[in-house]
1. From the list 98, 108, pick out the single residue that is more than 15 Å from the chain's Cα centre (by Cα), away from the ligand (no atom under 16 Å from the Cβ) and of a type outside the set (D, E, K, R).
2. Output the residues belonging to the range 39-90 that are more than 6 Å from the ligand (Cβ to nearest atom), among the small types (Gly, Ala, Ser) and part of a loop (DSSP other than H, G, I, E, B).
3. If I filter the range 135-153 for residues that are within 16 Å of the ligand (Cβ to nearest atom), of a type in the set (D, E, K, R) and surrounded by fewer than 20 Cβ atoms within 10 Å (Cβ to Cβ), do I get at least one hit?
4. Looking at the range 56-68, I want the residues that are free of Cβ contacts under 8 Å to residues at least 40 places away in the same chain and have a partner that is surrounded by fewer than 18 Cβ atoms within 10 Å (Cβ to Cβ) and part of a loop (DSSP other than H, G, I, E, B) with Cβ atoms under 7 Å, at least 6 apart or on another chain. Which pairs are those?
5. For the range 224-241, which positions are surrounded by fewer than 18 Cβ atoms within 10 Å (Cβ to Cβ) and more than 16 Å from the ligand (Cβ to nearest atom)?
6. Would you be able to say whether some residue in the range 190-207 is within 17 Å of residue 237 (Cβ to Cβ) and touching a residue at least 40 places away in the same chain (Cβ under 8 Å)?
7. As an exercise: evaluate residue 29 against (1) under 21 Å from residue 131 (Cα atoms); (2) of a type outside the set (Lys, Arg); (3) within 15 Å of the ligand (Cβ to nearest atom) and give the number of the one condition it does not meet.
8. Condition first: hydroxyl-bearing (Ser, Thr, Tyr) and away from the ligand (no atom under 16 Å from the Cβ). Now tell me which residues in the range 183-212 satisfy that.
Amino acid sequence: MSLWQEAVIDRIEAETPRIASVFLKADIARHIAGQHLDVRLTAPDGYEAQRAYSIASAPGEALVELIIERLDDGEVSPYFHEVAQAGDTIEARGPLGGHFIWRAEDGGPLLLLAGGSGIAPLMAMVRDWARGGGPTPLLLVYSARTWEELAFRDELLQLEAGHPAFRFIAAVTRGPKQRAGDSGRRIDAASLRQMLADWRHLPRHVYVCGSNRFVEGVTRGLPDASLPAGIIRTERYGGAD
Ligand SMILES: Cc1cc2nc3c(=O)[nH]c(=O)nc-3n(C[C@H](O)[C@H](O)[C@H](O)COP(=O)(O)OP(=O)(O)OC[C@H]3O[C@@H](n4cnc5c(N)ncnc54)[C@H](O)[C@@H]3O)c2cc1C
């Protein structure tokens, strides 16, 4: 297990109305796309709280980017939205996780399915994949309540415009869809089947990340879309929603 070390907040940027990007200066080993950090906060009275946050930046970047969704009744996540500031020091350890990872040599085609802040480790994979510039097809299906709540939306749109092998489908559940190829409902077996048929590739690896409810809903639909369980990896962030 890696040791706790100090990490300094370089800057915090609003990514969506509920998600903030937190950029850390941290002396951690180069991560593999998909891995996470443990973050620990200590109150003046010594009380400690620790949570896991996936790394959204590509491996090898100078700053480590985390995205943190504010849960109004949460203990740790509101701190990053209301209290933390550039220059503050927190504790972090990692990178951690050896299963929910993708390296360029793992190849593809790749199917990535994200719900809400579950985009974080998949964004690291997308960014790592894009740097390789290879022809491996990648389909990202990303679900959020509304178009405005899609983190990294502009970066994903730009990537799609510049990479013929990259396909990005936004699945918005509580607002109108913005583009003809997007989806206006939750990801289920029927919509997955359709998306895969339109994509015309058979995924070699499937990664699913989001809340418990998102991951359960999506993985229930995957066998129906004829995807074998052995190629599917999941990461659950907790919660019921
Ligand atoms: C491997 C891993 C990686 C993670 N990466 C990220 C990440 O990149 N970004 C991120 O924002 N979170 C991530 N999480 C979730 C994160 O660790 C915390 O659980 C989350 O920030 C809530 O912490 P909190 O202290 O604010 O809320 P808590 O005080 O722990 O919980 C408050 C309430 O929110 C519920 N809740 C907890 N998690 C969720 C959730 N995901 N959705 C809905 N309700 C929830 C709880 O059941 C509880 O009712 C990750 C979790 C894991 C296991």
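1. Only one candidate passes the filter, namely 108.
2. 43, 46, 56, 57, 58, 60, 62, 84, 86, 87
3. Within the range 135-153 (the criterion being within 16 Å of the ligand (Cβ to nearest atom), of a type in the set (D, E, K, R) and surrounded by fewer than 20 Cβ atoms within 10 Å (Cβ to Cβ)), the answer is yes, since at least one residue qualifies.
4. That search, which allows pairs on different chains as well, returns 60/30.
5. 224, 226, 228, 229, 230, 231, listed by residue number.
6. First, the residues of the range 190-207 that are within 17 Å of residue 237 (Cβ to Cβ): 207.
From the residues that got through so far, the ones that are touching a residue at least 40 places away in the same chain (Cβ under 8 Å) too are 207.
Yes, that holds for at least one residue.
7. Every condition holds for residue 29 apart from (3).
8. Within the range 183-212, 183, 191 meet the criteria.
Laboratory data are not the source of any read-out in this text; all were calculated from the coordinates shown. This is a predicted model, so every value here is computed, not measured. Here the Cβ is made from the backbone with ideal geometry for all residues, glycine too, and neighbour counts use every protein chain on show.
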